[in-house]
Amino acid sequence: MPSYRKLLQQVRAEISELDAERARELIDGGEPVVVDVREQDEWDEGHIPGAVHIPRGHLESRIERAAPDPSRRVLLYCSAGNRSAFAAKTLEEMGYEDVASLAGGFTDWKRNGYPVELQSGLDAPRRARYSRHLLIPEVGEQGQLKLLESKVLLIGAGGLGSPASLYLAAAGVGRLGIVDADVVDESERILADGWDVIVDGADNFPTRYLVNDASIWHDIPVVHGSIYRFEGQVTVFKPGVGPCYRCLFPTPPPPELAPSCAEGGVLGVLPGVIGSLQANEALKLALGIGEPLIGRLLLFDALSAEFNEVKLRRDPDCPVCGEHPTITEYIDYVQFCAGTREPA
């Protein structure tokens, strides 16, 4: 059985190695995908700017996300050039056509005085707390840092707001604002705090219309949810991209067609289902990943355990988000909702 040293010599004879000077020329030209195969603690102490971090033990399973085109040049590096040499051999065996290892590794890179990027990332406690997120390529450390810097406002702290806030807090959203009692006063002051996403769990129409109008004027996406008996629905209203709440409901329905949960009841587990879906949409918006429910109304029937989806279209004549808006400032929303309903 060959020794480690002999095996390393054999691998180096079979792969391409670049010195630090040539590697920098290629990197400055934006040509290769640069992959750091060191461990997390090494990466945190500094790395080549623009490099992708894939620890050697995860290289085979994650490289396709960083370098989906096997014909593109890939430059691998570690501390001294040994681990990256073995990594280069592995990528060649996987079908990558133009792979090189940085001779002398990151040590030579620094010795030459080339740029080094220091990681201002998660500390050890947060790394442990969000360890499952860090394993997901769509989230990772940069995504988790983005969540920690994000701000989400929840309207309503009841059936929908409670589970949504629980999971958003657990996911690491940096700031959660909670407006209780489903009544929003001083909306200008509240929305001036620069929220990234609004989660609407209100249980009354005046608040829903107020939140809708305010979100459009402040350009903040809204994750809307509602529940009744065995049915729930979720959608995302993103200003300028899809329809708004008024496009879906130009006027409030009469009371007999839209009783509240207090009047008609709701299955106890349903708020948890819909609230969790709202939290999921809020996280997607905050991270900028996936396909949010913009222009799509997701319907859930707890009795049949079925999900259905309805396409929503933006109304060009909408009085708030349409081409020629007629409502451009806050109105008396209680009076607006009362005025569209027939007297009892």
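All of the numbers you see were taken from the coordinates with simple rules; none came from a lab. Everything numeric in this text was worked out from a predicted model, so none of it was measured. Please note: Cβ atoms are built from the backbone with ideal geometry, for glycine as well, and neighbour counts cover all protein chains shown.
So here's what we get for this one:
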read-out: Calculated [θ] (222 nm, deg cm²/dmol) that DSSP helices of n ≥ 4 give over the chain, each run adding -39,500 (n - 2.57); value: -11000 deg cm²/dmol
read-out: Test item: Cα-centred dipole of region 4-120, Lys/Arg +1 and Asp/Glu -1 on Cβ, debye; value: 340
read-out: Burial ranking of peptide ranges 234-240, 196-202, 11-17 (average Cβ count within 10 Å, highest at the top); value: 196-202, 234-240, 11-17
read-out: Proximal lysines to Lys146, defined as alpha-carbon separation beneath 17 angstrom and excluding residues fewer than eight positions away on the same chain; value: Lys284
read-out: Candidate lysines - alpha carbon under 17 Å from Lys110, same-chain residues fewer than 8 apart omitted; value: none
read-out: Relative packing of 59-68, 124-133, which averages over residues the other C-beta atoms within 10 Å, highest first; value: 59-68, 124-133
read-out: Most positive-pole-ward Cα, His133, Tyr333, Pro319, against dipole of region 126-339 from beta carbon charges; value: His133
read-out: Calculated Rg and Dmax of the chain using C-alpha coordinates, Å; value: 26.6, 91
read-out: Cβ-placed point charges (K, R +1; D, E -1), dipole of the chain about Cα centre in debye, nearest 20; value: 980
read-out: Residues of type lysines that Lys89 reaches as a straight line, Cα spacing below 18 Å, ignoring anything fewer than 8 places off in the same chain; value: Lys6
read-out: Residue among Ala279, Leu145, Ala169 farthest towards the positive dipole end of region 126-339, charges placed on Cβ; value: Leu145
read-out: Ordering of 95-104, 1-10 by burial proxy (mean other Cβ atoms within 10 Å per residue, highest first); value: 95-104, 1-10
read-out: Positive-end residue of Pro55, Cys78, Gly95, charge dipole of region 40-97 with Cβ unit charges; value: Gly95
read-out: Global form of region 4-120, assessed from the alpha-carbon gyration tensor, a/c cut-off 1.5; value: rounded
